[in-house]
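**Student:** One structure is given below, represented as structure tokens, and several questions about it will come after.
Each value in this text was obtained by applying a stated rule to the coordinates, not by laboratory testing. Please read all numbers here as calculations on a predicted model, not as lab measurements. Every residue, glycine as well, gets a Cβ built from its backbone with ideal geometry; the counts of neighbours run over all protein chains shown.
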Amino acid sequence: MTAALAVSGRRRLTQGELDMMVEAHERLQSGRPGGKRLVMHFVDMSGLNLSARNLSDADFTGSLFDGARLIGTQFERATLFGCDLRTADLRKANLARADLRGACLRGANLTNANLRQADFRVGQISVPHPRKGLDSMRHEARSGDIDHAILAGASLDGAQLSEASAFATDFSDCSLRGANLTGANLKEANLSGAILEGADVGGANLEGANLEGAVLSGVEVGRARTSGANMTGCLTQPTHEALLRAPFLAQTAKGHHVWVATGGKGGQPGKLDGEDMRTLGDALKGMRLTALSAKGACMVGMDLTGAHLQGANLEGADLRGAVLKGADLRGARLAGANLTKADLRGAQVCALPLGPDRGSPANLARCRLRYAQAQAADFSDAVMDETDLGGADFTGALMLGVTLRGANVTTVVGLDLGVDI
């Protein structure tokens, strides 16, 4: 469908008209009087600004958002069926469970957006006649189009992308757990560092794609076309040997928990350096693992919610996508660890008190914290020199005394740049 056809027959809204209708919809969303659900079919909103507005459950079927500013906009469960969103700015937008069937997002910026369970499948699109407009329609089946779009750091877990076109699209460091990519065109796409655990790529075109360092556990890559693809450093599912070691790892962790809980009277300190611990799943949630040594361990996607990891040695560990929500990481050694897209909300990553006026700071030097969720976490006095914080969210985090010398702080959200850089 050409740009001319997309515009033809659509009513053009002004910013003022749109703001009035959005206000009524937001009243409905918040339960205030005077609310009305926003339903706008085949409307032209190209270039307008809806950043940070709440448009959840709104219906924009067939509408035009070409070049619109939609930064941080709430589109949860919204109907964007057949919409034209090419070159739109959707950074950090929430499109969870949105209906994007047949939508065009070519060249759009969806960096760090939430697209969990979004639907990009083929849709039957009604196209206005170039001269008669909406009075004369033709119908065509069209798959979702995200060619050349930027989805770096985005969350697409469970998204429906079957038959979608994503030629040369940037999916670097994004999460595609359990996504349906059957028959999708991912030719020359950048999937470096992406987490594709359990994704279905049957019949997908991955020719010339960059999958360097991607997580491919549970992915049958052999069912896709991969000629010329860069698969360097991909992380596949745990080996047979790693599965056999799972009982030993669990017993070691339990022994360490007892050692900490009894003040050294029972159990024994654990050493899990270099181990593939993914087989433990969520078995370490809330465990007392103070001073555990797990240097270089593979802990991708593990659930460590509320774990006690004070003074733990996790240097060089792979913690991509790990859940460390509310975990105690005071004084932890995380230098060189990969925490891309990790959940550190409410975690304590500050200094561990060792006595009056003395403490051991958490060391996150040279870490990768790209697109990590660190809202309301405590990083007081942490060493974060040369750490990559690109796209991470530190809203409400405590950063007093943190050092960030040589760190990458581009596109960071909520960071107080008054810290030592």
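**Student:** For the chain, what does -39500 (n - 2.57) per DSSP helix run (n ≥ 4), summed and divided by total residues, give at 222 nm, in deg cm²/dmol to the nearest 500?
**Tutor:** Helix-only estimate at 222 nm: -3000 deg cm²/dmol.
**Student:** Same structure again: Could you run the Karplus curve 6.51 cos²θ - 1.76 cosθ + 1.60 with θ = phi - 60° over the stretch 269-274 and give me ³J(HN,Hα) per residue in whole Hz, x for Gly and Pro?
**Tutor:** The phi angles translate into x, x, 10, 10, 4, x Hz.
**Student:** While we're on this one: Taking the Cβ of S56 as the center, what net charge do the other residues with Cβ under 9 Å away carry, scoring Lys and Arg +1 and Asp and Glu -1?
**Tutor:** -1
**Student:** Determine the percent antiparallel among the DSSP beta bridges restricted to the stretch 239-421, to the nearest 5.
**Tutor:** Bridges in the stretch 239-421 are about 10 percent antiparallel.
**Student:** Between L243 and M20, with labels modelled 7 Å along Cα→Cβ, what's the label distance in nm to one decimal, could you check?
**Tutor:** The modelled label-to-label distance comes out at 6.4 nm.
**Student:** Separate question: What length, rounded to one decimal in nm, is gained on full extension from R358 through to E386, with 0.36 nm per residue of separation minus their alpha-carbon distance?
**Tutor:** In short, 7.6 nm is gained.
**Student:** Output the relative contact order of the chain, whole-number percent, from Cα pairs under 8 angstrom with separation of 6+ residues.
**Tutor:** Relative CO of the chain lands at 6 percent.
**Student:** Can you work out the Karplus-derived ³J(HN,Hα) for every residue in the stretch 379-387? Use 6.51 cos²θ - 1.76 cosθ + 1.60 with θ = phi - 60°, whole Hz, and x for glycine or proline.
**Tutor:** Here the 3J(HN,Hα) series is 10, 3, 6, 5, 9, 10, 5, 6, 7 Hz.
**Student:** Follow-up question, since we're still on this one. To the nearest 10 degrees, how steep is helix 15-29 against the longest Cα principal axis of the chain, on a 0 to 90 scale?
**Tutor:** For 15-29 against the chain, the angle is about 60 degrees.
**Student:** Hey, what angle do you get for helix 240-261 against the long axis of the chain, alpha-carbon based, 0 to 90 degrees rounded to 10?
**Tutor:** Orientation of helix 240-261: about 60 degrees from the principal axis.
**Student:** Same structure, new question: Rank-order 34-47, 330-343 by packing density, defined as the average count of other C-beta atoms within 10 Å over each peptide's residues, highest first.
**Tutor:** In decreasing order of mean packing, 34-47, 330-343 become 330-343, 34-47.
**Student:** At A250 and R223, where each label point lies 7 Å from the Cα along Cα→Cβ, what is the point-to-point distance in nanometres?
**Tutor:** Here the answer is 2.8 nm between the modelled labels.
**Student:** Sticking with this one: Provide the per-residue ³J(HN,Hα) series for the stretch 278-286, in order, calculated from phi with Karplus coefficients 6.51, -1.76, 1.60 and θ = phi - 60°, each as a whole number of Hz, with x at glycine and proline positions.
**Tutor:** Calculated HN-Hα couplings, in order: 4, 5, 7, x, 9, 5, 9, 4, x Hz.
**Student:** Using the Kirkwood formula on the Cα atoms of the stretch 239-421, what hydrodynamic radius do you get, in angstrom to one decimal?
**Tutor:** 16.1 Å is the Kirkwood radius here.
**Student:** Using the per-residue mean of other Cβ atoms lying within 10 Å as a proxy for protection, in what order, highest first, do the peptides 234-244, 81-91 fall?
**Tutor:** Highest to lowest by the protection proxy: 81-91, 234-244.
**Student:** For a quick protection proxy, order the peptides 272-278, 376-382 by their average other-Cβ count within 10 Å, most packed first.
**Tutor:** 376-382, 272-278
**Student:** Which whole-number percent is the relative contact order of the stretch 239-421 (Cα, under 8 Å, 6+ apart)?
**Tutor:** Relative contact order, the stretch 239-421: 12 percent.
**Student:** Still on this structure, please answer the following. What share of the DSSP beta bridges in the chain is antiparallel, in percent to the nearest 5?
**Tutor:** Restricted to the chain, the bridges split so that about 15 percent are antiparallel.
**Student:** Count charges around T340 for me, please; just the other residues with Cβ under 12 Å from its Cβ, Lys/Arg as +1, Asp/Glu as -1.
**Tutor:** Local charge sum for T340: 0.
**Student:** Expected output is a single nm value to one decimal: the length gained when fully extending between R11 and E207, i.e. 0.36 nm times separation in residues minus the C-alpha distance. What is it?
**Tutor:** This chain segment gains 66.5 nm when fully extended.
**Student:** Once amide H atoms are built 1.01 Å from N in the peptide plane, which residues 5 or more positions from S293, or in another chain, come under 5 Å H to H?
**Tutor:** So S293 has HN proximity to G270, L272, N313.
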